[in-house]
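Read through the structure below, which is laid out as C-alpha cells, and then see the notes.
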Amino acid sequence: MTLDQQKSILTIALLAAFADGNKDDAEREEIRRIAQSLAGDGGVADLPRIYQDVLLQRTSVQAAVQGLSEPMHRQLAYEMAVCVCDVDGRQTAAEREFLTRLKAALQLGDPQTAAFDQQADALVDVAERAVPMPVATAAAAPLAPAVGAGASDAELDKSILNYALLNGALELLPQSWASMAIIPLQVKMVYGIGKAHGVELDQGHIKEFIAAAGVGMTSQYLEQFGRKLMGGLLGKVAGRTLGGLGGAATGMAFSFATTYALGHAAKRYYAGGRVMSTAMLRETFQGLLTPAKQLQTQYLPQIQQKAATLDAGQIMALVRGK
C-alpha cells in the first residue's frame, strides 16, 4: 500500500469518527494526539494536517476516495469507516447517512458489503447484551478466566493479563472487524473487577469509567487501526489478506498495553472504594501505561500464539460470554 493510499484511508476513518458530530472536546483532543503520535512514529507525516482538514471540513469523502483505485483498498476503507461508526454503539442517523454516501463514492454495491455489514451488526448486538453477566464462562475460560466476588489479587491479576493477551491477539487478526471486540472485552473485564469488589456495574457506568481514565472508544479504535494500517497488518478484504502475523514484530501490540493498564487502574479504583478523582484516575492509568507497553514485548509470542488460534465464532462467544 502506498503512502497516498494510506492517507486516503486514514482520512476516511477520521471523517467517519466525526460523522455524528457528537465528539466532545476531550475526545477531539485525544484524536488529535493520536494523529500526532502516529505521524511521530514514522507513519504518515502529514496526518496532523489531515486531522485539521477533517475537523475544519476542508476535505470530503469525494476527495478522499480519489486516492483509492484498487477494489480491495476501497473495501478496506469502507470496512474501517463502519468499524469507527460502530465502536461506541449502534449507528446514529448521521453515521448511517455518511456510510451510504461513502459506499456510493467508493462504488461499492450490496454484494460487496453485505457480509461485512452483517458481521459488524452482529458484534454490536452481542456487545450491547454482554454486560452485566459473569466475565467469562466455560467457552471463554481458556482465554479469560472468570472472577467473582471476593476474588484474590492473584486471580484478578491473572484475569487482567489474560484479557490483555486476548485483546493484543485481536489486534493482530487480519479481519478488519476483529478490533471492534476489544472494547466490549475491556467492558467485561472492568465489570468482573467491580464484581470482585462487591460492586455491580452496568455498561453505562463502565463506559464512563473507561472514558474517565482517558481511554476514548473512538480514539482507541483509531489508534489500533492506524497502527495496523501502517504496520501492513490490514486486512482481510475482497477474499484476500493484506499483511499477516509476521508484521506483528514491527509494531506495538497497543491493545495489550491499554487493556493491561486499564485493568490495573480499575483494580486500584474499586479496591480503594471508588474515591479517586477523574484527574487521579487518569494519572493512574497513564502511570501504568508505560510499563504495560514494555511488558507487551515480553508477551508478544503468547499474543501471536493466541491470534493464530482465534476465529470469528470464538470472538463472538468471548464477547457474549456464552
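The values are calculated or read from the model by the stated rules, or taken from the named source; none is laboratory data. Small disclaimer: the values here were computed from a predicted structure and weren't measured. So basically every Cβ, Gly included, is an ideal-geometry build from the backbone, and we count neighbours across all protein chains shown.
Please work out if Lys207 is modelled with pLDDT of 75 or more, surrounded by 23 or more Cβ atoms within 10 Å (Cβ to Cβ) and under 21 Å from Met316 (Cα atoms). No: the conditions fail for Lys207. Does Ala104 qualify as being at pLDDT 90 or above, farther than 30 Å from Val199 by Cβ and out of contact with any Ser or Thr (no Cβ under 8 Å at 6 or more places or on another chain)? For Ala104, the condition - at pLDDT 90 or above, farther than 30 Å from Val199 by Cβ and out of contact with any Ser or Thr (no Cβ under 8 Å at 6 or more places or on another chain) - is met.
If you go through the stretch 53-96 and keep only what is farther than 13 Å from Gln5 by Cβ and among the charged types (D, E, K, R), you end up with Asp53, Arg58, Glu79, Asp86, Asp88, Arg90, Glu95, Arg96. The set of residues from the stretch 5-18 being farther than 12 Å from Met230 by Cα and touching a Gly at 6+ places or on another chain (Cβ under 9 Å) comprises Ser8, Thr11, Ala13. Listed by first and then second residue, the pairs with beta-carbon distance under 7 Å, at least 6 apart or on different chains, first residue in the stretch 50-71 and closer than 19 Å to Arg28 by Cα and assigned by TED's automatic domain parsing to the domain that holds Ala39, second of a type in the set (Phe, Trp, Tyr) and buried (at least 18 other Cβ atoms within 10 Å of the Cβ), are Val54/Phe18; Leu55/Phe18. For the stretch 272-322, residues that are outside any helix (DSSP H, G or I) and surrounded by 13 or more Cβ atoms within 10 Å (Cβ to Cβ) total 4. So which residues in the stretch 16-30 are of a type outside the set (Gly, Ala, Ser) and either in contact with a Leu (Cβ under 8 Å, 6 or more places away or on another chain) or not assigned by TED's automatic domain parsing to the domain that holds Asp86 (or both), if there are any at all? Result: Phe18, Arg28.
One residue alone among Arg74, Arg96 is touching a helix residue (DSSP H, G or I) at 6+ places or on another chain (Cβ under 9 Å) and free of Cβ contacts under 8 Å to residues at least 24 places away in the same chain, and that residue is Arg96. Among the criteria (1) touching a helix residue (DSSP H, G or I) at 6+ places or on another chain (Cβ under 8 Å); (2) surrounded by fewer than 22 Cβ atoms within 10 Å (Cβ to Cβ); (3) farther than 14 Å from Val319 by Cα; (4) modelled with pLDDT under 90, the one Ser176 does not fulfil is (2).
Of the residues contained in the stretch 68-84, none is found to be among the polar types (S, T, N, Q) and more than 15 Å from Ile9 (Cβ to Cβ). Restricting the stretch 111-160 to residues that are surrounded by 15 or more Cβ atoms within 10 Å (Cβ to Cβ) and among the polar types (S, T, N, Q) leaves a set whose member that is modelled with the lowest pLDDT is Thr137.
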